[in-house]
Structure formats: C-alpha cells, structure tokens
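Have a look at the structure below, then the notes.
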Amino acid sequence: KGIRGISQLDVLHARELGLVIKLLAVGRWDDGELEIRVHPVMIPESHMLAKVNGVYNAIHVIGDFVGSTLYYGKGAGMLPTGSAVVSDIAAIARHLAKGDMYEIPPLGYPLEAFQDAVIRDAKEGRGVYYLRMKTVDRPGVLSKISGILGEKGISLASVMQKGEGEEPVDIVM
C-alpha cells in the first residue's frame, strides 16, 4: 500500500501525537510464517527510522541477541540509483561471461529454505492503526462509533476530536 491516501491533515495529526509517517517495507518471521508488507506507518519522532529523510534509506533489524540495529545510506536520487543500476548490470555481465547464473540467495539462505514457508495473509495482520473520520459534532455520535468498533473487537488507545459545531469535525483514533 502506497502513500497516495496520506493527506497533509494526516501528517499534521501525526505530528500532534509526536509521530511521523514513513513508508516502510516490513518483513517478519513469526511462528513459522512469513509476514511481508509495504505500507505507511506512524512511528515515534524519537525512533531511529524517523530521522531517515531525502535520498537516504535505512534497514532496521531487530536481532535476538543484538537488539535494534540500523543500516543507513544513500539509496535514492540520481547518483545512488545510477550506481545501483550500473552495479546490477556489471554483476549480470560477470555472471553471463562466466556462464554462471547463480545469485546469492536472500539473507544468505538457500532458496529451498523458503519453499515451504507460509506467507501470512495481510488481512490477518494485527497491530495499532490510525483512524480518521469526519462527522457532525452531536451528542452520542462518538459513543455510536466506539460501540461499533467495540463490537468488532477493536480497542481504542486514544481519541482526539478536532473542531466543534455543525461543520463536520475530524475524529482521530
């Protein structure tokens, strides 16, 4: 899921909550299942990834023994992209010249290690979500919304209402 649905208003609400919005690719091995997704994520301004901007990319890895680590460097823009493309072309040419089509498998594991992996359905993902809706500020509206979410097993950590009166107001959960 890309960032097209993110508005300036979402960015402002995130900032008010001490968060920033980043487009993240997430991969997690959990109980024999592989969870993979790309989507916008709100992360605390104090998190290492919140400070990655411009032409820089980062990979945040959480290891069993080392904890949190970050690999950071240029990964976008004209020169880094050009360098990556030339590097890929050179690697392909080297392999063709040697008659060798072998590539290093992802994570250094043989590809066979992932053949039986179960890919977790994205709809089964659990987590913390941001919900913004417009509604008229009338008694009972917020109660109805909370009731519907509660019936679906959704718990609310916080609720913020922006504005008041007959004009539609933003409710952020």
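Brief remarks follow.
- A simple rule links phi to the HN-Hα coupling: the Karplus curve 6.51 cos²θ - 1.76 cosθ + 1.60 with θ = phi - 60°, which for region 5-22 gives x, 7, 9, 4, 5, 4, 4, 5, 4, 4, 4, 4, 8, x, 10, 10, 9, 10 Hz, with x for Gly and Pro.
- Stretch gain in nm, segment Met48-Lys144, where the contour uses 0.36 nm per residue and the Cα spacing is subtracted: 30.8 nm
- Solvent-accessible heavy-atom area per residue, rounded to whole Å², over the chain at 1.4 Å: 77
- Asn57 paired with Ala97, simple spin-label distance in nm, labels 7 Å along Cα-to-beta-carbon: 2.6
- 17 Å Cα-Cα reach of Lys74 towards aspartates and glutamates, excluding residues that sit fewer than 8 places from it in its own chain: Asp88
- Sequence-distant contacts, meaning Cα pairs under 8 Å at least 6 residues apart, place the relative contact order of the chain at 15 percent.
- (i) 28, 18, 16; (ii) 42, 21, 15; (iii) 25, 20, 15, with the label sought being that of the calculated semi-axes √(5λ) of the Cα gyration tensor in Å: (ii)
- For Leu19, residues with placed amide H under 5 Å, excluding near neighbours: Glu45
- Other residues lying with their Cβ under 12 Å from the Cβ of Glu166 contribute a combined charge of -2, Lys and Arg counting +1, Asp and Glu -1.
- Sum of -39500 (n - 2.57) over DSSP H runs of 4+, divided by residues of the chain (222 nm, nearest 500): -7500 deg cm²/dmol
- Net charge dipole size for the chain [Lys, Arg +1 and Asp, Glu -1 on Cβ; Debye, nearest 20]: 440
- Other residues lying with their Cβ under 15 Å from the Cβ of Ser143 contribute a combined charge of 0, Lys and Arg counting +1, Asp and Glu -1.
- Solvent-accessible area, 1.4 Å probe, carbon plus sulfur percent, for the chain: 59
The values are calculated or read from the model by the stated rules, or taken from the named source; none is laboratory data. Everything numeric here is computed off the predicted structure, so don't read it as measured data. All Cβ positions, glycine included, derive from the backbone under ideal geometry; neighbour counts span all protein chains shown. Heavy atoms of the whole protein, side chains included, go into the accessibility calculation; ligands, DNA and RNA do not. Shrake-Rupley method; radii C 1.70, N 1.55, O 1.52, S 1.80 Å.
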